[in-house]
Amino acid sequence: MQIHSAIADLRTALKNRGRIVFVPTMGNLHAGHISLMEQARAHGDTVVASIFVNRLQFGPNEDFDKYPRTFQADCDKLAAAGVDVLFAPTESDLYPEPQEYFIEPPGIQNVLDGEFRPGHFRGVATVVTKLFNCVQPAAAVFGKKDYQQLMVIRNMTRQLALPIDIIGGETVRAADGLALSSRNGYLSEAERAEAPRLYRLLNDIRDAIRNGQADTVQLENAAIAQLDAAGWKTDYVAVRQQSDLAMPKGVDVPLVVLAASRLGTTRLIDNIEV
Ligand code: PAF
């Protein structure tokens, strides 16, 4: 696997490499990321991954400084997964001067996760556009675990006419249902044992809707109450339309149930399609 940090070197290395499929990450890779690499392989000739912890998408009180950086272990995993090229820019490679031009997503950036992480999706959209410009892929793979992020990137790519197919990768879960996430490593043993409750509640809501329960607000409130009772601090549990993440007008359209809640200091997000 080739590793490049300078944009010019990356561009040279990617000449005449056929159809390039790109998987951007922030590192601290787990089986969920590796499954995205495997999906990428099926969509093109050259798989390019990136590792870059993007300061722009972290709020002032978030975990940018303590975000786990495990570069050597990540390289070993990517090489074993057959990734061809790793783009691992330093901050000065990607932001050689203060970033003053941004990609500003519309209202979707202010709801759900965006309400609790102001500026997050602007930071994501900006770095992803910049990474797209460095790698110039024909396709890119993003995990469905970050459902709102996937939607922001899909809509941005379409509206800006970027010639890139956006592919959604399925969430990989531990045997007890917990969605794999780099932030799971922050959980204490007791919190790790409690964490699968979030996915169980999402399943309960999905089953209730399938069984004809149409009062989605009541379902959301009941789930929040159960999380509260078990010691969680919940940002949202929300039943939304898959198409635009708006509040559903009925339950006969494709829906998704999304949640973000905090166990101790660790914020977990998850979702399930109905
Ligand atoms: O999902 C992530 O890991 C990040 O938000 C991304 C897409 C790599 C942008 O920094």
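The values are calculated or read from the model by the stated rules, or taken from the named source; none is laboratory data. Because the structure is predicted, anything quoted here is derived from the model rather than measured. Using ideal geometry, Cβ is built from the backbone for each residue, glycine included, and neighbour counts are taken over all protein chains shown.
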Within the range 172-188, identify whether any single residue is more than 21 Å from the chain's Cα centre (by Cα) and surrounded by fewer than 20 Cβ atoms within 10 Å (Cβ to Cβ), and answer yes or no.
yes
Just a yes or no: is a residue in the range 121-129 in a helix (DSSP H, G or I), under 20 Å from Arg240 (Cα atoms) and touching a residue at least 12 places away in the same chain (Cβ under 8 Å)?
yes
One residue from Ile167, Ile103, Ile153 being in contact (Cβ under 8 Å) with a residue 12 or more places away in the chain and over 13 Å from the mean Cα position of the chain (by Cα):
Ile103
Quick check on the range 221-237: of everything there that is surrounded by fewer than 21 Cβ atoms within 10 Å (Cβ to Cβ) and assigned to a strand (DSSP E or B), which residue is farthest from the chain's Cα centre (by Cα)?
Lys233
Ala195 is checked against (1) under 22 Å from Met37 (Cα atoms); (2) buried (at least 17 other Cβ atoms within 10 Å of the Cβ); (3) of a type in the set (Gly, Ala, Ser) and fails just one. What number does that condition carry?
(1)
Filter result for Arg69 (basic (Lys, Arg), surrounded by fewer than 16 Cβ atoms within 10 Å (Cβ to Cβ) and closer than 21 Å to Val124 by Cα):
yes
Candidate set from the range 198-214 (those that are over 21 Å from the mean Cα position of the chain (by Cα) and surrounded by 13 or more Cβ atoms within 10 Å (Cβ to Cβ)); member that is modelled with the lowest pLDDT
Gln213
Of everything in the range 12-38, what is surrounded by 16 or more Cβ atoms within 10 Å (Cβ to Cβ) and on the phi > 0 side of the Ramachandran plot? Give them in sequence order.
Gly27, Asn28
Whether any residue in the range 65-74 is aliphatic (A, V, I, L, M) and either closer than 22 Å to Ile153 by Cβ or touching a His at 6+ places or on another chain (Cβ under 9 Å) (or both) is what I want to check.
no
Evaluate the range 170-192: report whether one residue or more is assigned to a helix (DSSP H, G or I), in contact with a helix residue (DSSP H, G or I) (Cβ under 8 Å, 6 or more places away or on another chain) and of a type outside the set (Ser, Thr, Tyr).
yes
Residue match in the range 113-128 (condition: among the polar types (S, T, N, Q), within 10 Å of the ligand (Cβ to nearest atom) and modelled with pLDDT of 95 or more)
yes
Gly82 vs. criteria more than 16 Å from the ligand (Cβ to nearest atom) and surrounded by fewer than 18 Cβ atoms within 10 Å (Cβ to Cβ):
yes
Output the residues belonging to the range 39-60 that are surrounded by fewer than 16 Cβ atoms within 10 Å (Cβ to Cβ), closer than 24 Å to Glu170 by Cβ and within 15 Å of the ligand (Cβ to nearest atom).
none
Any idea which of Leu36, Leu29 is under 16 Å from Pro137 (Cα atoms), within 11 Å of the ligand (Cβ to nearest atom) and touching a residue at least 12 places away in the same chain (Cβ under 8 Å)?
Leu36
Could you list, in sequence order, the residues of the range 238-260 that are closer than 15 Å to Asn203 by Cβ and either in contact with a Leu (Cβ under 8 Å, 6 or more places away or on another chain) or assigned to a loop (DSSP other than H, G, I, E, B) (or both)?
Val239, Val256, Val257, Leu258, Ala259
Being more than 16 Å from Pro137 (Cβ to Cβ), within 16 Å of the ligand (Cβ to nearest atom) and surrounded by fewer than 18 Cβ atoms within 10 Å (Cβ to Cβ) narrows it down to one of Asp93, Asp63, Asp74, Asp9, so name that one.
Asp63
